[in-house]
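Worksheet for the structure shown next.
Values quoted throughout were computed directly from the atomic coordinates according to the rules given, and no laboratory measurement underlies them. Nothing here was measured: the structure is a model prediction, and the numbers come from that model. Because the Cβ atoms are built from the backbone with ideal geometry, glycine has one as well, and the counts that use them run over all protein chains shown.
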Amino acid sequence: MLKTTITGSLPKPAWLAEPEKLWAPWAAEDPDRLEEAKHDAVRLAILDQEQAGIDIVTDGEQSRQHFVHGILEKIEGIDFEKKTTIGIRDDRYDADCPTVVSELKRSGPIHADEVKFARAQTERPLKFTMPGPMTIVDTLADEHYGDRPKMAMAFAKILNDEARELVAAGVDNLQFDEPAFNVYLDAVPTWGVEALNRAVEGLDCTTAVHICYGYGIEANLQWKATLGDVWDQYEAILPALSDSDIDQVSLEFAGSRVPLEVVKLLDGKKDVLVGAIDVTTLTAEAPEEVAKVIRAAMEFTSPERIFPCTNCGMVPLPRTVSQGKLKALGAGAALVRAEL
Ligand code: ZN
């Protein structure tokens, strides 16, 4: 009960990539040295989680430069040379995005080797993350499909083909990251959930979706300041997720203005990954603070449904801060477990 996990990403060591930066360039240019550095970083990411008492571990996303573009680099139909500046997440910020120029196709395995390596490093349940179809569509320029739902369904099929192989390679929990769900509220009950259901179709593992208010970067902090006293985005989308094929929903609570009672909207039908670690602060929570969020969530769903988690990825944080937050998460969950 109250098994802990993280959203996905952890900071990269300085010898792998420039610290405290999103989409940081790799430190090593030689492919063999880069491969070795990634492997070493994955070992340490898993060790940090195990030592902190995290039950369901990830590879810390050490082998990809960006949570969306890591997978897209291996998909045909996307021109990475042809960058188009578009306003993503409903114009919250501008990004130079690659352009879809022809039919999308996965030409071979993408993450299988990463999963096999991570699987061999730990006895604990292994979680692996990929961007969800709507978030991918929102992070690309399109010159081919001309229709977001249609392009999302094309990505959903590719993600599903990839996910099936990752499960065969040893993934216990497959999570799709959909921060875009919190932005395009009207599209979630229609094509957002439809594409997500397609992505998890027939998967023989636990499936999750992560929906958050983003990393603690300036553009997100400014956006959050406009959302008012009560953040009601989850209220609009959780009923549709309650009826979806997804097993677990990962939500942000710590330090946010999200009312915890939104958990009720999942009707006890889904596990809730309760975000009890704020990724926008530079100090680790006290275990008691983490415990408080977990206890509050228990007012609205049973402890069997609760998985204490981080609010979002920790990749932009200093490593020592992230290590402290992992420990706080493990210790906070242990406090509540001891009370039950
Ligand atoms: Zn997130």
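If one computes the Cα centroid of segment 28-53 and of segment 90-110, what distance in Å separates the two points? A separation of 27 Å, based on Cα centres.
Can you give the calculated 222 nm mean residue ellipticity of the chain, where each DSSP H run of n ≥ 4 adds -39,500 (n - 2.57) and the sum is split over every residue, rounded to the nearest 500 deg cm²/dmol?
Numbers: 11 runs with 123 residues, N = 340.
One gets -11000 deg cm²/dmol as the mean residue ellipticity at 222 nm.
Put in line by how crowded their Cβ is, counting other Cβ atoms within 10 Å and starting with the fewest, Asp177, Asp142 read Asp142, Asp177. Taking the chain, the Cys residues with no second Cys beta-carbon under 4.7 angstrom are Cys97, Cys205, Cys309.
Provide the FRET efficiency to the nearest 0.05 for the Thr85-Ser107 pair, computing r from the beta carbons and using R0 = 22 Å. Spell out each step's value before the answer.
Values: r = 28 Å, r/R0 = 1.26.
Working from the Cβ atoms, E equals 0.20.
Per-residue counts of other Cβ atoms within 10 Å, averaged by peptide: what ranking do you get for 280-290, 7-17, highest first? Mind showing how you got there, number by number?
On the way: 280-290: 16.6, 7-17: 22.5.
Per-residue mean Cβ counts within 10 Å order the peptides as 7-17, 280-290.
Rounded to 0.05, the FRET efficiency of the Ala334 and Leu47 pair, given R0 = 22 Å and the Cβ-Cβ distance, is 0.75. Here the chain is assigned +1 on the Cβ of each Lys and Arg and -1 on the Cβ of each Asp and Glu. Its dipole about the Cα centre then comes out at about 540 debye.
So what is the relative contact order of segment 31-339, in percent, for Cα pairs below 8 Å that sit 6 or more residues apart?
Values: 556 pairs, mean separation 45.3, N = 309.
RCO, segment 31-339: 15 percent.
Residues of segment 101-136 falling in the label zone of Glu201, defined by backbone nitrogen less than 20 Å from a point 7 Å along Cα to beta-carbon, are 103-110, 130-136. Label point of Lys21 set 7 angstrom out along Cα-Cβ; within segment 305-321, amide nitrogens under 16 Å from it belong to 315-319. Calculate, for Asp245 and Met1, the FRET efficiency according to 1/(1 + (r/R0)^6) with r their C-beta to C-beta distance and R0 22 Å; round to the nearest 0.05. Taking R0 as 22 Å, the efficiency between Asp245 and Met1 is 0.35.
Kindly put Glu194, Glu18 in sequence by how many other C-beta atoms sit within 10 Å of each C-beta, fewest to most.
Working: Glu194 19, Glu18 12.
Lowest count first: Glu18, Glu194.
Net charge within 11 Å of Asp267 by Cβ-Cβ distance, Lys/Arg positive one each and Asp/Glu negative one each, not counting Asp267 itself? Could you put the intermediate results ahead of the total?
On the way: positive: Lys264, Lys269, Lys270, Arg305; negative: Asp243.
Cβ neighbours under 11 Å give a net charge of +3.
Annotation: the antiparallel percentage among DSSP beta bridges lying fully within the chain is about 25.
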